[in-house]
Structures are given as C-alpha cells and as structure tokens.
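The values are calculated or read from the model by the stated rules, or taken from the named source; none is laboratory data. What you are looking at is a predicted structure, and each value in this text was computed from that prediction instead of being measured. Here the Cβ positions follow ideal geometry from the backbone for every residue, glycine too, while neighbour counts run over all protein chains shown. Each accessible area value is taken on the protein alone, full model and side chains, heavy atoms only, with ligands, DNA and RNA left out. Shrake-Rupley method; radii C 1.70, N 1.55, O 1.52, S 1.80 Å.
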Amino acid sequence: QVQLVESGGGLVQAGGSLRLSCAASGLTFSMYGMGWFRQASGKEREIVGAISKDGSSTYYADSVKGRFTISRDNTKNTVSLQMNSLKPADTAVYYCAAVRRLLLDSIVTKPINYNYWGQGTQVTVSS
C-alpha cells in the first residue's frame, strides 16, 4: 500500500516560517516526481511546487516564488516544503502528491496526472 504522510502544518503568524515534510512508503521513491498542492476553503486545488525525480528541476507557482522552496531526499524517501514570509493568503490544506515517471523526468503540474496523494495538513497564517 502506497502511503504519503504529511507533517509540519500548524498555526503561524504572518511573516513567519513553516517547514512541511512528506514521508513516502510502498513505492520506489526515486521513480516518482513529487508535488505540493494546496486547497483553501471554497477554492480549487492548486499547485504550489513540484520537483523532478532526481531533484534537478523545480517548479513554483507565481504566488509563492521566492518564498517557498521544495526539496527531496531520495535516501530517506521524503520531500519537504520550506515556507518563508508566510501570508494569510497561504492559509490552506497542503497536500503531498506523487506522479510515476518511469522514463521521463519532466515536471508535472496538473493534479489529475498525479497517482498518489497524502491526506493533507492544515496551514493557518494569522494576520
């Protein structure tokens, strides 16, 4: 059974930082691109960032560029999202997702293309 388990969410004041982590099991981690998505109340799920299988390529939504950093550790089967200079607009449930890339390692940004999802972790940024 493939499992993705997020941790690190919580309540933080505007301008603060949080680091989210996602632990993967039940899959060959290095064969999957990884992404972080978020969904605010009443809004559609949107991509936050994504990273290729070997970590050489990354993608960020314009709204978080320069503030968030995605990284992965293929020796520990983990992917992280460092979030700095947080704003109230960042408040959402954050999801970790994995997309199988057996041959290619191009960045995937569409939620429908991802194969596995975590259950999410709440991030709340107070003003």
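Of note:
- When you count the other C-beta atoms within 10 angstrom of each residue and take the mean per peptide, 90-101, 106-117 line up highest first as 90-101, 106-117.
- Label separation (GLU46 vs GLN119): 2.7 nm, computed from points 7 Å beyond Cα along the C-beta direction.
- The apolar share of the surface of region 15-127, taken as the fraction of accessible area on carbon and sulfur atoms (1.4 Å probe, ligands and nucleic acids excluded), comes to 48 percent.
- Looking at the chain, the accessible area is 52 square angstrom per residue; that uses a 1.4 Å probe and ignores ligands, DNA and RNA.
- Only Lys, Arg (+1) and Asp, Glu (-1) charged, at Cβ; region 59-104 dipole about Cα centre in debye: 140 debye
- Were the residues from SER7 through THR58 laid out at 0.36 nm apart, the gain over their Cα-Cα distance would be 16.3 nm.
- With both labels modelled 7 Å from their Cα along Cα-to-Cβ, the SER127 to LYS110 distance reads 3.6 nm.
- Under Karplus coefficients 6.51, -1.76 and 1.60, residue-wise ³J(HN,Hα) of region 41-52 in Hz, glycine/proline x: 4, x, 10, 6, 5, 9, 6, 9, x, 8, 9, 6
- For the chain, size of Cβ-based charge dipole, Lys and Arg +1, Asp and Glu -1, in debye: 40 debye
- Residue-wise HN-Hα couplings along region 96-112, as the Karplus relation 6.51 cos²θ - 1.76 cosθ + 1.60 with θ = phi - 60° gives them from phi, are 8, 9, 10, 10, 5, 9, 5, 10, 7, 9, 6, 6, 10, 10, 8, x, 5 Hz; Gly and Pro carry x.
- Based on C-alpha pairs under 8 angstrom that are at least 6 apart in sequence, region 23-127 has a relative contact order of 31 percent.
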